[in-house]
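J.: Starting off with a structure, shown below.
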Amino acid sequence: MSDPDLAQRALTAARSEPRLGPGFHPSLIEVDDGGVLTVEAEVDSLAQKKLALERMAAVPGVAGVVDRLRVRQGAPVSDDGLLDQLRRLFSEDPDFAHLRLVQTEAGRTRLARDVPEPAGELELEVRGGVAILNGSAPSLTCKRLAGVLAWRVAGVTDVVNGMAVEPPEEDAPILIEEAVRLALEKDREFDASQIRVGVRNTTVRLTGLVRSEAARAAAEADAWAVLGVDEVLDEIEVRA
């Protein structure tokens, strides 16, 4: 039988996070006999999604979390439309020019772009608004950047990044920092040279200057989109 008390404690923990609060109302939250929590809900941002999962996973008795949180979007975009956007995005980005591109649509997989002597392969699929990335990346930074770019596609409600890193690479805060810096540099909303990045464990601290609140929000969103980041301390100043 499920444990409704544990589910309630997990919900209370999520609502204790200021970015979520009492307005966080999952459509499904339940715990199985093994202590695995399943939560289904729509949230307003990736920051809210990550923070909710972290708060609930930390509740004593929760053995794991099945993540069905989706980021709320505006006008819906078809899976075919999202897949087309993702294919164009990665086809045109020079940081992925060394990867073979494969796409899966309606259960059928086909080669979208071949390259001579590929350093890896990026397999693209979209299911119900969720961008699914598989294949192999030559580095953790490449894998992380793929996830960041997928999150930037309007209409994507979640990103599942299952890319393997070949050869395997041991993670470290310096690699998270490298990925955050690269994500900021690829964002045209602000001058990335004016933003400083610090990483401690899985927490990113952003400082520096931007010209608008929109630019500040974009920089923070870039940091949240990096795989492995659990907290972002946004101390960027806005000066027009």
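J.: Can you pull out every residue in region 83-128 that is within 26 Å of Glu42 (Cβ to Cβ) and β-branched (Val, Ile, Thr)?
T.: Once the filter is applied, which keeps residues that are within 26 Å of Glu42 (Cβ to Cβ) and β-branched (Val, Ile, Thr), region 83-128 yields Thr104, Val126.
J.: I would also like to ask the following. Of everything in region 68-84 that's buried (at least 19 other Cβ atoms within 10 Å of the Cβ) and out of contact with any Gly (no Cβ under 9 Å at 6 or more places or on another chain), which residue is nearest to Arg9 (Cα to Cα)?
T.: Across region 68-84, the extreme among qualifying residues is Leu69.
J.: Does Val204 satisfy being outside the structural domain of Leu46 (by TED's automatic domain parsing), touching a strand residue (DSSP E or B) at 6+ places or on another chain (Cβ under 8 Å), closer than 13 Å to Val148 by Cβ and buried (at least 20 other Cβ atoms within 10 Å of the Cβ)?
T.: yes
J.: For region 157-178, state whether one or more residues are touching a residue at least 60 places away in the same chain (Cβ under 8 Å), out of contact with any helix residue (DSSP H, G or I) (no Cβ under 6 Å at 6 or more places or on another chain) and either aromatic (Phe, Trp, Tyr) or not assigned by TED's automatic domain parsing to the domain that holds Ile195 (or both).
T.: Scanning region 157-178 turns up at least one residue that is touching a residue at least 60 places away in the same chain (Cβ under 8 Å), out of contact with any helix residue (DSSP H, G or I) (no Cβ under 6 Å at 6 or more places or on another chain) and either aromatic (Phe, Trp, Tyr) or not assigned by TED's automatic domain parsing to the domain that holds Ile195 (or both).
J.: Conditions: (1) under 17 Å from the mean Cα position of the chain (by Cα); (2) on the phi < 0 side of the Ramachandran plot. Gly155 meets all but one. Number of the miss?
T.: (2)
J.: Scan region 3-22 and give yes if some residue there is in a strand (DSSP E or B) and either at pLDDT 95 or above or more than 22 Å from the chain's Cα centre (by Cα) (or both), otherwise no.
T.: Checked against the condition, which is being in a strand (DSSP E or B) and either at pLDDT 95 or above or more than 22 Å from the chain's Cα centre (by Cα) (or both), region 3-22 yields no hits at all.
J.: Something else now. With Gly128, Gly135 as the choices, which residue is within 21 Å of Ala183 (Cβ to Cβ) and either among the hydroxyl-bearing types (Ser, Thr, Tyr) or assigned by TED's automatic domain parsing to the domain that holds Asn161 (or both)?
T.: Result of the check over Gly128, Gly135: Gly135.
J.: Moving on to the next point. With region 173-240 as the region, which strands (runs of 3 or more DSSP E) entirely inside it contain at least 1 residues that are under 16 Å from the mean Cα position of the chain (by Cα)?
T.: So the answer is 203-210, 231-238.
J.: Select from region 106-127 the residues that are assigned to a strand (DSSP E or B) and surrounded by 16 or more Cβ atoms within 10 Å (Cβ to Cβ) and list them in ascending order.
T.: Once the filter is applied, which keeps residues that are assigned to a strand (DSSP E or B) and surrounded by 16 or more Cβ atoms within 10 Å (Cβ to Cβ), region 106-127 yields Ala112, Arg113, Gly120, Glu121, Leu122, Glu123, Leu124, Glu125, Val126.
The values are calculated or read from the model by the stated rules, or taken from the named source; none is laboratory data. All of these numbers come straight from a predicted model, not from anything done at the bench. Reconstructed Cβ throughout: ideal geometry from the backbone, glycine too, with neighbour counts over all protein chains shown.
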